[in-house]
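Novice: Quick one: this structure, given as structure tokens, is what I'll be asking you about.
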Amino acid sequence: MINNSYDVIIIGGGVVGCATARELTKYDLKIALLEKSTDICAGQSKANTAIIHGGYDAKPGTKKAYYNVLGNKMFGKVCEELDVPHEWNGSLVVSFESDQDDKIFELYQRGQKNGVPNLGIIKHDEIMRREPNINPEARLALDVQNGGICCPYELTIAYAENAAKNGADFFRSSQVTSIRRENEAWIVETPSQIFSCKAVVNCAGMYSDEIHNMVSKDKLSIQPRRGEYYLIDKKYASAFHSAIFQVPGKMGKGILIARTVDGTTLVGPTAEDIQDKTDTRTTAEGLSKALAGAKITWPSLPTRAFITTFSGLRSHCDRDDFVIGKVSDAPLFFDAAGVESPGLTSSPAIGFELAEMVAQALNSGKNDKFDPIRKGIPKFRELSNETRAKLIADNSDFAKVVCRCETVTEAEIREAIRRPVGAVTVDGIKIRTRAGMGRCQAGFCTPRVLEILSEELNIPLEMVRKFGGDSKYVYGKIFEASEASHD
Ligand SMILES: Cc1cc2nc3c(=O)[nH]c(=O)nc-3n(C[C@H](O)[C@H](O)[C@H](O)COP(=O)(O)OP(=O)(O)OC[C@H]3O[C@@H](n4cnc5c(N)ncnc54)[C@H](O)[C@@H]3O)c2cc1C
């Protein structure tokens, strides 16, 4: 039995799916997004380098080049509307060996062809002036002035919150298991529900090949390509101003050093093709490659300042490009498949164009009530004492600091749960507030975060999960407190 009928169903709640949902709410359409994980932002969108790429790297004429350059131009406005942290601190692509110099000129030419504004090439002295911690062997650098950094999870969540505010429905823990055509409609099944809709948009990231292949004879294949990282403590936030790339290779943009908008510094990522689409382990081999590569850029890299390691999986498509748009042999079915890097940067443009394509195909008018503005959760750590005092006067939960490393208050955590498409797991709290992302990596705040989730969601502690599935923290009581008091 069909539970729900929609005009459009989006499959996948990563940055591309959520951007598309938000753009579609600008039209007069009934929209649902289905995400297989317990929360949105569960795939590539949560583990990447967070660079707003300039657009010099992709081959001219490819979809990657087109969407990167357009997405970069749209990025600032989207972040302003959605209150998402971002910074235009530029990128440098640096040669450290004489045989790499030609590549810098090649990237400059490529960037010109792609229409990247204000590209330049700078020499050793200027590189050293701008970035005194860089390896003094630095020779030439492509100066990418329109490069930047952003918060990828806040962007994904902000797109989703704004889409929900404008009427889109979000179904999490809803893995699409089959899609079929019946009476001019698409029937989309998850283990617990059956949906029908006029149009489908496939934004399933690593699994976008499987979703595409359910409806098309023109098969796609996605190869997982793992990237491993170290994360450096905020103490080194001023080590580099721009993101520092090395010359790219066949497997991607290479190892870089990049500050995040929160002041930590990313070192990595490696690029290794693997078999398992879920294998987000870090490995001794991968991390040592990341470290050796990073030391070329930053010889005095402070290894004692590493606070964690992690990996992300790129969804590399056998077409070696993004696959965006109508599927030729499936009516009203649209793909955003194989969106690997620079997919984060491209997300505003991909969402915008996909929504336009779908709305045109469905002959839909505009939604006059669309409100583009979303305000983020107040970040106590960034506020003046005066503003803090005002917040505490209104809500005493602002006076209770739960995560001491990142100064995240109970009020922020409760709001993260209460918002539309709110947090339902410990990791959901982490990506919405930064609780657990600091130096102690959740060592102190986890018990209180578990209690707050249990209270707000009205579930026992044993049911609170780290990221869904069986990722439990609490298995039951060892003894009652009353028994303990007799000892
Ligand atoms: C290591 C690494 C570094 C990167 N660095 C950058 C960078 O610096 N700058 C940049 O611009 N880009 C970067 N990228 C690329 C960027 O992260 C991705 O292009 C972008 O996040 C892709 O978003 P997405 O929504 O397509 O995919 P995802 O974020 O993977 O989302 C897909 C979603 O679909 C869901 N899903 C899958 N199957 C189903 C199903 N059957 N039913 C329902 N839901 C399903 C998944 O659970 C997931 O949540 C990087 C990527 C990686 C991995």
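The values are calculated or read from the model by the stated rules, or taken from the named source; none is laboratory data. What you see is a predicted model; the values in this text were computed from it and never measured. Heads up, the Cβs are rebuilt from the backbone with ideal geometry, glycines too, and the neighbour counts pull from every protein chain shown. The area values use the complete protein model at the heavy-atom level, side chains included, leaving out ligands, DNA and RNA. Shrake-Rupley method; radii C 1.70, N 1.55, O 1.52, S 1.80 Å.
Novice: When you go through R388, R414, R432, R404 one by one, which is the residue that is open to solvent by 40 Å² or more (accessible area, probe 1.4 Å) and either among the hydroxyl-bearing types (S, T, Y) or within 28 Å of the chain's Cα centre (by Cα) (or both)?
Specialist: On the way: R388 fails: either among the hydroxyl-bearing types (S, T, Y) or within 28 Å of the chain's Cα centre (by Cα) (or both); R414 fails: open to solvent by 40 Å² or more (accessible area, probe 1.4 Å); R432 fails: open to solvent by 40 Å² or more (accessible area, probe 1.4 Å).
The unique qualifying residue is R404.
Novice: So, in the range 85-126, of the ones that are assigned to a strand (DSSP E or B) and not β-branched (V, I, T), which residue ends up nearest to the chain's Cα centre (by Cα)? Even if it seems obvious, please write down each step before you answer.
Specialist: At the first step, the residues of the range 85-126 found to be assigned to a strand (DSSP E or B) are 86-87, 91-95, 119-123.
Now drop any that are not not β-branched (V, I, T), which leaves 86-87, 91-92, 95, 119-120, 123.
Values: H86: 13, E87: 16, S91: 19, L92: 22, S95: 29, L119: 26, G120: 29, K123: 33 Å.
Here the residue is H86.
Novice: Could you list, in sequence order, all residues of the range 245-293 that are more than 29 Å from R434 (Cα to Cα) and either under 17 Å from the mean Cα position of the chain (by Cα) or assigned to a strand (DSSP E or B) (or both)?
Specialist: Q246, G249, D273
Novice: A further question follows. Mind counting the residues in the range 68-95 that are closer than 12 Å to G376 by Cβ and either in the same structural domain as H241 (by TED's automatic domain parsing) or aliphatic (A, V, I, L, M) (or both)?
Specialist: 2
Novice: Is it true that A65 is of a type in the set (A, V, I, L, M, F, W, C), open to solvent by less than 40 Å² (accessible area, probe 1.4 Å), in contact with a Lys or Arg (Cβ under 7 Å, 6 or more places away or on another chain) and assigned to a loop (DSSP other than H, G, I, E, B)? Steps first, answer last, please.
Specialist: On the way: of a type in the set (A, V, I, L, M, F, W, C): yes; open to solvent by less than 40 Å² (accessible area, probe 1.4 Å): yes; in contact with a Lys or Arg (Cβ under 7 Å, 6 or more places away or on another chain): yes; assigned to a loop (DSSP other than H, G, I, E, B): no.
Against the criterion (of a type in the set (A, V, I, L, M, F, W, C), open to solvent by less than 40 Å² (accessible area, probe 1.4 Å), in contact with a Lys or Arg (Cβ under 7 Å, 6 or more places away or on another chain) and assigned to a loop (DSSP other than H, G, I, E, B)), A65 does not qualify.
Novice: Give K63, K103, K59 a once-over and let me know the one that is more than 29 Å from I134 (Cα to Cα) and in contact (Cβ under 8 Å) with a residue 24 or more places away in the chain. Reasoning before the result, please.
Specialist: Working: K103 fails: more than 29 Å from I134 (Cα to Cα); K59 fails: more than 29 Å from I134 (Cα to Cα).
Within the list K63, K103, K59, the selection yields K63.
Novice: If you don't mind, another one. Would you confirm whether any residue within the range 225-235 is surrounded by 18 or more Cβ atoms within 10 Å (Cβ to Cβ), of a type outside the set (S, T, N, Q) and over 21 Å from S45 (Cα atoms)?
Specialist: If we filter the range 225-235 for residues that are surrounded by 18 or more Cβ atoms within 10 Å (Cβ to Cβ), which is where we start, we get 225-234.
When the remaining residues are screened for being of a type outside the set (S, T, N, Q), the result is 225-234.
When the remaining residues are screened for being over 21 Å from S45 (Cα atoms), the result is 233-234.
Yes, the conditions are met somewhere in the range 225-235.
Novice: On the basis of being within 7 Å of the ligand (Cβ to nearest atom), under 25 Å from P269 (Cα atoms) and surrounded by fewer than 23 Cβ atoms within 10 Å (Cβ to Cβ), does A42 make the cut?
Specialist: Working: within 7 Å of the ligand (Cβ to nearest atom): yes; under 25 Å from P269 (Cα atoms): yes; surrounded by fewer than 23 Cβ atoms within 10 Å (Cβ to Cβ): no.
No, not satisfied.
Novice: OK, next. I need the full set of residues from the range 127-161 which are touching a strand residue (DSSP E or B) at 6+ places or on another chain (Cβ under 8 Å), among the charged types (D, E, K, R) and not in a strand (DSSP E or B), in order please.
Specialist: Answer for the range 127-161, where residues must be touching a strand residue (DSSP E or B) at 6+ places or on another chain (Cβ under 8 Å), among the charged types (D, E, K, R) and not in a strand (DSSP E or B): R130, E131, R139.
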